[in-house]
1. Looking for whichever is among the hydrophobic types (A, V, I, L, M, F, W, C), in the same structural domain as Thr437 (by TED's automatic domain parsing), in contact (Cβ under 8 Å) with a residue 40 or more places away in the chain and assigned to a loop (DSSP other than H, G, I, E, B) here; the options are Val160, Val191. Which one fits?
2. Given the residues Gln316, Gln266, which is the only one that is in a strand (DSSP E or B), without any contact (Cβ under 8 Å) to a residue 60 or more places away in the chain and either in contact with an Asp or Glu (Cβ under 6 Å, 6 or more places away or on another chain) or not hydrophobic (A, V, I, L, M, F, W, C) (or both)?
3. Considering only residues that are among the hydrophobic types (A, V, I, L, M, F, W, C) and either in contact with a Ser or Thr (Cβ under 7 Å, 6 or more places away or on another chain) or outside the structural domain of Met427 (by TED's automatic domain parsing) (or both), which ones fall in the stretch 165-188?
4. Check whether at least one residue in the stretch 335-344 is at pLDDT below 95, under 29 Å from the mean Cα position of the chain (by Cα), buried (at least 22 other Cβ atoms within 10 Å of the Cβ) and of a type outside the set (D, E, K, R), and report yes or no.
5. Of the residues Lys476, Lys446, which single one is at positive phi and either outside the structural domain of Ser260 (by TED's automatic domain parsing) or touching a Gly at 6+ places or on another chain (Cβ under 9 Å) (or both)?
6. Please count how many residues of the stretch 493-509 are part of a strand (DSSP E or B) and surrounded by fewer than 24 Cβ atoms within 10 Å (Cβ to Cβ).
7. Sort out which residues of the stretch 389-422 are over 21 Å from the mean Cα position of the chain (by Cα) and among the hydroxyl-bearing types (Ser, Thr, Tyr), and write them in order of number.
8. Given the options Gln334, Gln348, Gln358, name the one that is farther than 22 Å from Ile390 by Cβ, in the same structural domain as Ile390 (by TED's automatic domain parsing), of a type outside the set (Val, Ile, Thr) and assigned to a helix (DSSP H, G or I).
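The values are calculated or read from the model by the stated rules, or taken from the named source; none is laboratory data. What you see is a predicted model, and the numbers here were worked out from it, not measured in a lab. Cβ: placed from backbone, ideal geometry, glycine included. Neighbour counts: every protein chain shown.
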Amino acid sequence: MTAQRTIRTRRLLVTASAVTLLTACGSQVPPSQFVGAQGDLGGAAVAGGAAGGAAAGTGGGAGGTTNGRGTTIGTGSTGGGVTGGGTTSQGGVTSGGGTTGGGTTRGGGKAGGGTQRGGTTGGGSTQADQAGSCAGFKNGDHISKSTIQLANIADTSGPVSGLFAGAQQGLKAYVAYFNSQSTICGRHLQVEYLDSQTSSSGDQQASTTACNDAFAIVGSMGAFDDGGAQTVTKCGIPDLRAATTESARLQSPVVYSAQSLNVNYQPTTYADYYKKAFPGVADKAAYLYIGAGAGQANGQAAIKMLKARGYDVVYQAAVPVTEINYTGYVSKMQAAGVKYVQYTGSAQQAAGIAKAMQQQNFHPIWVLDPEAYNTAYTQNAGSAAEGTHIWINALPFEEASRSSEMQLYEQWLQRTSPGAAPDYFGMFAWSAGRLFTDLALQLGGKLNRHSLLQALSHVDNWTGNGMFGPQHVGAKITGTCYNFIVYKSGKWVREGPSTYTCGSTVKVG
């Protein structure tokens, strides 16, 4: 694949809707729980795992299952754990100095590495791994004899047209795929696509419509998703988002995300990686962030994390949303002898900063988050994009051949939105659809809003069937497993380990 097939996300004010996705945290992802959760990457090594191993867990509630993709779903808790001794786990993943043990879930279901109903490990199944009986299935809450009505809310109009259109394209692709393969107790999925207009008021209006028209909201993405937070909470509609951007939405008891997040917990993985890969750069670091909305909160939180990991941040600045001249920022960083520059904000501004650094012959280690993993950055930056480093918690689209689920997403995206490029948020919207149907199938005749929310609250280590690092959906905190890519000779290529590097978190709030 080429860079032209990478993400098409665009952002305007709240750039942290991409950034927060990766700067959130609190995940404790022992490599043992990573086993079998990598889909087609199951045999590769995971760097950064806990050395030595830990004792196995002993808990376990009734009813929990670990599906064939290594994701814990249901009401039970994970009982298997990490074993020591330097041996290899069931999934073939060796981590740290110890080994992983298999991650069996107590109280029902098989271990994460096993083959179960609907497909093999990482294999793009269309059925839940342990589908429940449809006995007792009841219509109501916008479920009829033939359909389950869903809603999707995304910013498709506003100052930046089509800001998160990719999220709607991703869910549209998944729904078409699922409906072609299966039903939920005889019901096909039907989706109403709503525009949140890149505003809090637009999100509130769309959320009101969804409450009135749908059983659940699935795969949504909005820069100002705080607008509908009270609305969805009051009406009790399950809101399984691609990602959540504002704390008000995150805190709602009916809201979960395929890409969960918490700005108060910052992953240390990328900071540790760049500090080791480029000795000396942490001695003089700079951090720029967009001075608006969640972008500002995320920038400040990330700076605290960098300092905690030994970075000397000698220069930091909040960049106004309307800023187009970055010469002054670059001059100050040059004067301070900065060796490492990180930016949290829009791809367009990142491109402008990159060009300003090139023009002033300033060449530090230039680090961006997945917001820049798109053509909006590379095309606008031109030759200045060369050497850009990005940390990403998903499998790069250039490596889609390593994930059957990623290939399914790309295949059905072209069927339903011909010509559309794979999209970071579209991938998570597809994954939200996958998680919804997995849970709905497992619940069977017990499916209702309350049971779905209960099931979502216990989802852990969700990888979207091997497309991204483990996410702690129920806990609403992001995992800490990342890949590292760099832009070279007009394309994104992997640098560092051949698969995910997993780290820890720092609590900054």
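1. Only one candidate passes the filter, namely Val160.
2. Residue meeting the stated conditions: Gln316.
3. Once the filter is applied, which keeps residues that are among the hydrophobic types (A, V, I, L, M, F, W, C) and either in contact with a Ser or Thr (Cβ under 7 Å, 6 or more places away or on another chain) or outside the structural domain of Met427 (by TED's automatic domain parsing) (or both), the stretch 165-188 yields Ala165, Ala167, Ala173, Ala176, Phe178, Ile184.
4. Yes, the conditions are met somewhere in the stretch 335-344.
5. Of Lys476, Lys446, the one residue that is at positive phi and either outside the structural domain of Ser260 (by TED's automatic domain parsing) or touching a Gly at 6+ places or on another chain (Cβ under 9 Å) (or both) is Lys476.
6. Number of matching residues: 7.
7. Scanning the stretch 389-422 gives Thr416, Ser417.
8. Going through Gln334, Gln348, Gln358 in turn, just one is farther than 22 Å from Ile390 by Cβ, in the same structural domain as Ile390 (by TED's automatic domain parsing), of a type outside the set (Val, Ile, Thr) and assigned to a helix (DSSP H, G or I): Gln334.
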